[in-house]
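Q: Before we start, here is the structure in question, set down as structure tokens.
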Number of protein chains: 2
Amino acid sequence: MTYDCGFLAELPLSADQLSFASTAREEFAADFGTTADAERAPDAVVWPERTEDVSAVLAAADERGVPVTPYAAGTGMQRAAVPVGGGITLAMARMDEVREIRPADMQVDVEPGVIGDELNGALESEGLYVPSFPQSAAFSTIGGMIATDASGTKTVKYGEVADWVLELEVVRADGSIIEVGSKARKTSAGYNLKELFVGSEGTLGVVTRATLDLATRPPQTVGGRAVFSTLGDAAGAITDVVRAGIDVATLELIDPLTAEMANAYTGSDLPATPTVFFEIHGRAVDAELDALRARFEAHDAARIASTADDEEMAELWRARREIGHALTEWDPDRELEVVGDVTVPIGSYPTIIAFIGEIADEYGLPIPAFGHAGDGNAHYALLCDPGDAEERERAHEASDRIIRKAIDLGGTCTGEHGIGADKRSHLRAEVGDGTVETMRAIKDALDPNGILNPGTVLDEVDQ
Amino acid sequence: MTYDCGFLAELPLSADQLSFASTAREEFAADFGTTADAERAPDAVVWPERTEDVSAVLAAADERGVPVTPYAAGTGMQRAAVPVGGGITLAMARMDEVREIRPADMQVDVEPGVIGDELNGALESEGLYVPSFPQSAAFSTIGGMIATDASGTKTVKYGEVADWVLELEVVRADGSIIEVGSKARKTSAGYNLKELFVGSEGTLGVVTRATLDLATRPPQTVGGRAVFSTLGDAAGAITDVVRAGIDVATLELIDPLTAEMANAYTGSDLPATPTVFFEIHGRAVDAELDALRARFEAHDAARIASTADDEEMAELWRARREIGHALTEWDPDRELEVVGDVTVPIGSYPTIIAFIGEIADEYGLPIPAFGHAGDGNAHYALLCDPGDAEERERAHEASDRIIRKAIDLGGTCTGEHGIGADKRSHLRAEVGDGTVETMRAIKDALDPNGILNPGTVLDEVDQ
């Protein structure tokens, strides 16, 4: 579908804030998880520089029924930032100011285009940080993280990005500007709109400012890794650590195939067996480390290595940190077709990890599995020859089986990546028709003309 | 207003599940924070025993436009469970089953009428608990805590009740039954309806089952108290502890007047100076305790007492624990007129505490202040002669001034009690017209006939 977006030229935007050129438009037809699809390019791109720009675009688009899709850094995995059928892309990269750090309140006001790691860099001199960023924080922005309710390796201790969002400035579909949430650390004042907008993937409003809660950097950090003989041992050790309430800041698993890929990419020499990575933060980390070690040893862990030295830790963690590149570089003839992020109740973690292996065998596909095990989150990847349509279809079928299993175990089709356009049917299978209809009622109430990122999260009404 | 509720007799309810008697009805015309007002009694009371009962009542009431107000244990402070203008009260007390404990998943399924402390008692043999209950958990129920997004003394470490709710079964206004949230510890699947229903005070749906996340009981607990010379010292010590990232499980303040009242009620011998109570949980609590002690000493704390013994701790904490009774028993001629629960960013905590004292002086009223200081939460109470209308009006004016100050400081009019009927104008002052309208749009979308607890949180449409 194509929309006439000429009206944008009448808005109070400077010339370099607006483009109809195909090179500019096609830049916004893909995200990290997908290859560009020129069919899905927007008809126009606007680079807002202030809240009023977003408001003006939305008000004008809403009047005309033209879709608007916000685009953060493009590091998403589910094409949530890629238009389904044309319209306007709001490229948020220029709204990248860290507006105010308030150390005494342990808060910061940021614009949505601020890169995660840059924010934490700006906070370092105050000894503060946001602990819950995803591993992509070197590239991904606060706005994108809020849109998907991202999380990461430290979520097992520190929660999701949502848990660090106190207040949002949001532009509604009609261009009106509201604030939701509170700068108080807790509030029971009215409906929790803040949590509603977080994770709504740009379908309910556009975030133009966020006030984030901050944590004090831990006085001590220790981290390391251990290798296990079997996936059952590794998964069992992880569930035991969680059940014992050991205060881990990270608890990550990679399976033997992922270890092989990481070795190939990083030159590391992990044995091709399951490896668990961990980190502990606090004022007396040794007590927690001893408790963790005891659980690991009870599951026959070998080579438990730990260190409080930053460089040594970076070396121990290299294989985990480089998985993204290791996967894409593994086989030059294959591309990432699916990256899954199912999440299950912790007691079912060994089951879902074993099931991914069974599916790999049944479909004859290599399926590396890894993820934020302490949260019950299992990532897996399917790498396909882009020219082999049959294999690609088989990969999606295999992934669908894993997702259905996760849902059967009481889990979710997505722990952190979001629904985007591609997982809408899984959302329905997971939460049920009545819950999807409830989401739809809210969408229709807040965006009656359906201009905000249509076809994402929920089906379009006329489909 | 009065509604004909005779249609309830046609529903598949047993005789003892329904009453039109005035004695039964008047029981539901007050909550803990207010005195009974016969004008606000419902026209009928239904005691549901299963989800289907709730569904049948709502479907029938929705067809007829009859208001329905859910009532949990009546321990609320804002009359959220008291009908504004008649209709049906849904008394949830009989839905009090702990349905399933899943220790391996660290989860429990409960009905809304389960009392907080009873749930934690049932979980004790598994070494599990919900750490975030309010101090009223000896009486208050899971359903009520969810309705207000309650929190308590341990929120500074463990978050609010909302943070322990994974999944809810909710009956919508039309009687349809949905599930929201996920049994996975994190999910990015669609809109966060779970957080929307939590804290919505029965105005968007009725919760009939909750799956709660559980924490492992800490291996070590140490707690105690310290007295300070001035409120400024106490508040300063508190903000320093939070800013240093000391891992406190509780951090509570009582002011000199509250200490006096506690002494009178409990026979304790606290000096009439500000007192701070604390608790630390973990595997190596001494390191955190030493760090806390250093901050307290830097603010000239005296009599820092701490213990790991449960009985000794109960004794140290007695003054804090008994505040509720101490306030109401303090002067037989006075009743609680207002209990405030403003919450501000932690850097402004000394300011709001000082301001409460200034208001007490200006209005010539005794205003004891206390609360969950580590969260920036300040409770205060106004005790009035019920026959003195002028004094009661002055008390409300004084409270309004404190609330406006908290809002000016970036805070909230309610950290945990909710809006109810009485704080609707403060909600608007706090979040703004556009945000209230956004809440209203959601309310209208989910409850188009406006039957769910009308006049609570939001103004009635026809007002």
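Every number in this text was worked out from the coordinates using simple rules, so none of it is lab data. Every value quoted in this text rests on a predicted model; they were computed, and no experiment measured them. Here the Cβ is made from the backbone with ideal geometry for all residues, glycine too, and neighbour counts use every protein chain on show.
Q: Only bridges whose two residues both fall in the protein assembly as shown count here: according to DSSP, what percent of them are antiparallel, nearest 5?
A: Percent antiparallel among DSSP bridges in the protein assembly as shown is about 85.
Q: To continue, here is another question. Neighbouring Cβ atoms within 10 Å as the yardstick, rank B:THR69, A:THR34 fewest first.
A: A:THR34, B:THR69
Q: Could you give the dipole magnitude of region A:6-93 about its Cα centre, charging the beta-carbon of Lys and Arg +1 and that of Asp and Glu -1, in debye to the nearest 20?
A: Numbers: 5 positive and 13 negative charges, 37 e Å.
The dipole of region A:6-93 has a size of about 180 debye.
Q: Quick one: compute the contact order of chain B, relative version, from alpha carbon pairs under 8 angstrom and 6+ residues apart, as a percent.
A: Across chain B, relative contact order equals 15 percent.
Q: Need one number: the % of Cα-Cα pairs in chain B sitting beyond the 40 Å mark. Could the numbers behind the result be given before it?
A: Details: 20893 of 106953 pairs.
The share of Cα pairs beyond 40 Å in chain B comes to 20 percent.
Q: Hey, if you put +1 on the Cβ of every Lys and Arg and -1 on every Asp and Glu Cβ in the protein assembly as shown, which of A:SER55, B:ALA305, B:ALA29 ends up farthest toward the positive end of that dipole?
A: Result: B:ALA305, furthest along the dipole toward the positive end.
Q: Same structure, new question: Per residue of A:269-281, count partner chain C-beta atoms within 10 Å of its C-beta, then hand back the mean as an integer.
A: 0
Q: Normalised by the number of residues in region A:6-93, what is the relative contact order in percent for Cα pairs under 8 Å and 6+ residues apart?
A: This gives 35 percent for region A:6-93.
Q: Angle check, please: helix B:285-298 long axis (alpha carbons) against the longest principal axis of chain B (alpha carbons), in degrees 0 to 90, nearest 10.
A: 70 degrees
Q: Could you work out the Rg to Rh ratio of region A:1-154, with Rh taken as the Kirkwood radius (inverse of the mean 1/r over all Cα pairs)?
A: My calculation puts Rg/Rh at 1.01.
Q: Let me ask something else. Does anyone have the angle between helix B:433-446 and the longest principal axis of chain B? Alpha-carbon axes, 0 to 90°, nearest 10?
A: 40 degrees
Q: Go through B:99-109, B:150-160 and give me the packing order, highest mean Cβ count within 10 Å leading.
A: B:150-160, B:99-109
Q: Just from its helices, what would the mean residue ellipticity at 222 nm be for chain B, if runs of 4 or more DSSP H residues each count -39500 (n - 2.57) and the sum is divided by every residue, rounded to the nearest 500 deg cm²/dmol?
A: Counting only the DSSP helices, I get -10000 deg cm²/dmol.
Q: With angles folded into 0 to 90 degrees, how steeply does helix B:256-266 sit against the dominant principal axis of chain B? Use alpha carbons for both and round to 10.
A: 70 degrees
Q: Each residue of region A:73-81 in turn: what ³J(HN,Hα) in whole Hz from Karplus with 6.51, -1.76, 1.60 and θ = phi - 60°, glycine and Pro shown as x?
A: 9, x, 9, x, 10, 10, 6, 5, 9
Q: Something else about it: Run the numbers on region A:331-408 and let me know its relative contact order in percent, using alpha-carbon pairs under 8 Å that are six or more apart.
A: Numbers: 116 pairs, mean separation 32.6, N = 78.
This gives 42 percent for region A:331-408.
Q: Between B:ALA302 and B:GLU322, take the C-beta separation as r, use R0 = 30 Å, and let me know the FRET efficiency to the nearest 0.05. Each step should come with its number before you reach the end.
A: Values: r = 22 Å, r/R0 = 0.74.
About 0.85, to the nearest 0.05.
Q: OK, next. Across peptide B:414-422, how many C-beta atoms of other chains are within 10 Å of each residue C-beta, on average?
A: Counting other chains' Cβ atoms within 10 Å and averaging over B:414-422 gives 3.
Q: Could you work out how far apart the two model spin labels at A:ALA138 and A:MET1 are, taking each label as a point 7 Å from the Cα in the direction of the beta carbon, and quote it in nm?
A: 3.9 nm
Q: Calculate, for B:GLU311 and B:GLU118, the FRET efficiency according to 1/(1 + (r/R0)^6) with r their C-beta to C-beta distance and R0 30 Å; round to the nearest 0.05.
A: Approximately 0.85, to the nearest 0.05.
Q: Which ordering of A:ILE177, B:ILE442 is given by a fewest-first count of other beta-carbon atoms within 10 Å? Write down the numbers at each step before the final one.
A: On the way: A:ILE177 19, B:ILE442 22.
Placing the least packed residue first, the sequence is A:ILE177, B:ILE442.
Q: Moving to a separate point now. Taking a ≥ b ≥ c as the square roots of the eigenvalues of the Cα gyration tensor of region B:220-325, is the shape rounded (a/c under 1.5), prolate (a/b larger than b/c) or oblate?
A: It comes out oblate by the Cα gyration axes.
Q: Sticking with this one: Two decimals is fine: what is log10 I(q)/I(0) at q = 0.14, 0.23 Å⁻¹ for region A:175-283, from a Debye sum with one equal scatterer on every Cα and no solvent?
A: Listed by q, the Debye log ratios stand at -0.83, -1.15.
Q: Across peptide A:193-206, how many C-beta atoms of other chains are within 10 Å of each residue C-beta, on average? Please report the intermediate quantities before stating the final value.
A: Working: counts 7, 2, 9, 8, 3, 4, 7, 3, 3, 0, 2, 2, 1, 0.
Shielding by partners across A:193-206 averages 4.
Q: Something else: For a quick check: sort A:HIS281, B:HIS299 by the number of other beta carbons within 10 angstrom, fewest at the front.
A: On the way: A:HIS281 24, B:HIS299 21.
With the sparsest Cβ surroundings first, the list reads B:HIS299, A:HIS281.
Q: Can you give the charge dipole size of the protein assembly as shown about its Cα centre, rounded to the nearest 20 debye, using +1 on the beta carbon of Lys and Arg and -1 on the beta carbon of Asp and Glu?
A: Working: 74 positive and 162 negative charges, 115 e Å.
Roughly 560 debye for the protein assembly as shown.
Q: Evaluate Rg over Rh across region A:157-218, taking Cα atoms for both radii and Kirkwood's formula for Rh.
A: Rounded to two decimals, Rg over Rh is 0.99.
Q: While we're looking at this one, here's another question. Suppose every K and R has +1 on its Cβ and every D and E has -1 on its Cβ; what is the size of the dipole of region B:331-408 about the Cα centre, in Debye to the nearest 20? Write out the running numbers ahead of the final one.
A: Working: 6 positive and 17 negative charges, 85 e Å.
Magnitude of the dipole: close to 400 debye.
Q: Sticking with this structure for a sec: How large, in Å, is region B:322-463 by the Kirkwood hydrodynamic radius built from its alpha-carbon pairs?
A: It is 16.3 Å.
Q: Can I ask one more? Once amide H atoms are placed 1.01 Å from N in the peptide plane, what residues at a sequence separation of 5 or more from B:ASP105, or on another chain, have their amide H within under 5 Å of its amide H?
A: A:GLY347
Q: What is the Cα convex hull volume of region B:6-93 when expressed per residue in Å³? The partial results should precede the final answer.
A: Details: hull volume 7.5 nm³, N = 88.
It comes to 85 Å³ per residue, whole-number rounded.
Q: So, one more: Take the alpha-carbon centre of region A:261-283, take the same for region B:125-203, and report the distance between them in whole Å.
A: Cα centroid to Cα centroid, the span is 37 Å.
Q: Pop out the Kirkwood hydrodynamic radius of the protein assembly as shown from its pairwise C-alpha distances, inverse of mean 1/r, in Å to one decimal.
A: Working: mean 1/r = 0.0350 Å⁻¹.
In the protein assembly as shown this quantity evaluates to 28.6 Å.
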